[in-house]
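Structure first, commentary second.
The values are calculated or read from the model by the stated rules, or taken from the named source; none is laboratory data. Quantities reported herein were computed from a predicted structural model and do not represent experimental measurements. FYI the Cβ positions are ideal-geometry reconstructions off the backbone, even for glycines, and counts take in every protein chain you see.
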Amino acid sequence: MSFGLGHGKSLSAGEIGLTMDDLAPMPDAALGPAGDPSLAWIDPRGWFEDASASFELEIGSGKGTFILEQAQRQPETNFLGIEWAREFYLYAADRIRRRGLTNVRMLHADATEILRWRMPPGIIDVIHLYFSDPWPKKKHQKRRVVQDAFLANAHRALKAGGELRIVTDHPEYWVWMEAHFDRWSSAEGVDGLRFDREAFTSEKRAHGAGEGELVGTNFERKYAREGRPFNAAALRKPA
Ligand SMILES: C[S@@+](CC[C@H](N)C(=O)[O-])C[C@H]1O[C@@H](n2cnc3c(N)ncnc32)[C@H](O)[C@@H]1O
């Protein structure tokens, strides 16, 4: 099947791509108030040649520019990109496959659901969330990735000392994010869990970021051309 994004070429996810059909079904015993959530966990580190390598997750990879560059320049780390739009998932996976990278997998899924249900605790070194859809209409804000439930699930899935890195161009979504970050990085945290909030310093910049860029994604480049300012943060799970 070919998509407009592929400029008429036929795209193939090959061994890079996984879909929900590749995951074991959710067992009923994991669900409900008396369910055991651990029965639904799938360890994605097992999808890579070296399952013991450090492991990073990108949520909403779009055309895959960040993950492609980062994985190439950080070959000792395994990267999983989760993208729910099929045409972008396929486009990114095809690019990675053609580059011959063995340390990247792309999953066609809702990343918030994967984090909520399928990700075992304490396995991720870094979660990257760049230019997440802002859903500006009030009635759509529940679709935003950044929510208390998401932060709780990210906290659970991160290793101690691991971090969630976020960049956005959207001023109103940033206000929303900061309100969440303030509570999550307060002394009491949220439901007993907390993050240390850190600046997005130059050591967190993506390897493929160009002059004046933080992460070098397609949306960063597009919005930079439009002159939009960006905001960024890193939330570290205390060691
Ligand atoms: C605005 S684009 C940014 C893409 C890329 N990160 C960049 O900076 O160029 C947001 C991307 O996140 C994807 N996305 C949004 N919510 C998602 C979710 N819950 N799970 C997986 N992908 C998601 C969208 O399909 C879209 O490709």
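Quick look at the numbers
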| read-out | value |
| --- | --- |
| Of residues in region 109-120 being in contact (Cβ under 8 Å) with a residue 60 or more places away in the chain and over 12 Å from the mean Cα position of the chain (by Cα), the one nearest to Gly216 (Cα to Cα) | Met119 |
| Filter result for Leu18 (over 14 Å from the mean Cα position of the chain (by Cα) and not polar (S, T, N, Q)) | yes |
| Tally of residues being under 21 Å from Ile124 (Cα atoms) and of a type in the set (Ser, Thr, Tyr) across region 150-201 | 2 |
| Tally of residues being charged (D, E, K, R) and surrounded by 15 or more Cβ atoms within 10 Å (Cβ to Cβ) across region 168-177 | 1 |
| Those residues of region 123-147 which are without any contact (Cβ under 8 Å) to a residue 40 or more places away in the chain and in a loop (DSSP other than H, G, I, E, B), in sequence order | Pro134, Trp135, Pro136, Lys137, Arg144, Val146, Gln147 |
| Test: residue in region 94-102 that is crowded, with 23+ Cβ neighbours inside 10 Å, over 30 Å from Gly32 (Cβ atoms) and of a type in the set (D, E, K, R) | yes |
| Residue check, Leu31 in contact with a helix residue (DSSP H, G or I) (Cβ under 6 Å, 6 or more places away or on another chain), within 23 Å of Leu158 (Cα to Cα), surrounded by fewer than 18 Cβ atoms within 10 Å (Cβ to Cβ) and of a type in the set (A, V, I, L, M) | no |
| Phe195, sole failed condition from (1) touching a Ser or Thr at 6+ places or on another chain (Cβ under 6 Å); (2) within 11 Å of the ligand (Cβ to nearest atom) | (2) |
| Within region 62-92, tally of residues that are more than 24 Å from Lys204 (Cβ to Cβ) and free of Cβ contacts under 8 Å to residues at least 40 places away in the same chain | 3 |
| Filter pass, Lys159 being crowded, with 16+ Cβ neighbours inside 10 Å and over 20 Å from Thr112 (Cα atoms) | no |
| Residue count for region 93-126, restricted to those that are within 12 Å of the ligand (Cβ to nearest atom), closer than 25 Å to Lys204 by Cα and among the hydrophobic types (A, V, I, L, M, F, W, C) | 5 |
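Yes/no per residue for (1) among the hydrophobic types (A, V, I, L, M, F, W, C); (2) surrounded by fewer than 20 Cβ atoms within 10 Å (Cβ to Cβ); (3) at pLDDT 95 or above:
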residue: Trp117; (1), (2), (3): yes, yes, yes
residue: Lys138; (1), (2), (3): no, yes, yes
residue: Arg143; (1), (2), (3): no, yes, yes
residue: Asp148; (1), (2), (3): no, yes, yes
residue: His155; (1), (2), (3): no, no, yes
residue: Ile166; (1), (2), (3): yes, no, yes
residue: Leu193; (1), (2), (3): yes, yes, yes
residue: Gly212; (1), (2), (3): no, yes, no
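Condition check ((1) within 15 Å of the ligand (Cβ to nearest atom); (2) more than 24 Å from Gly208 (Cβ to Cβ)) across all residues:
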{"residue": "Gly17", "(1), (2)": "yes, no"}
{"residue": "Leu31", "(1), (2)": "no, yes"}
{"residue": "Asp36", "(1), (2)": "no, yes"}
{"residue": "Asp43", "(1), (2)": "no, yes"}
{"residue": "Phe55", "(1), (2)": "no, no"}
{"residue": "Leu68", "(1), (2)": "yes, no"}
{"residue": "Ala71", "(1), (2)": "yes, no"}
{"residue": "Gln74", "(1), (2)": "no, no"}
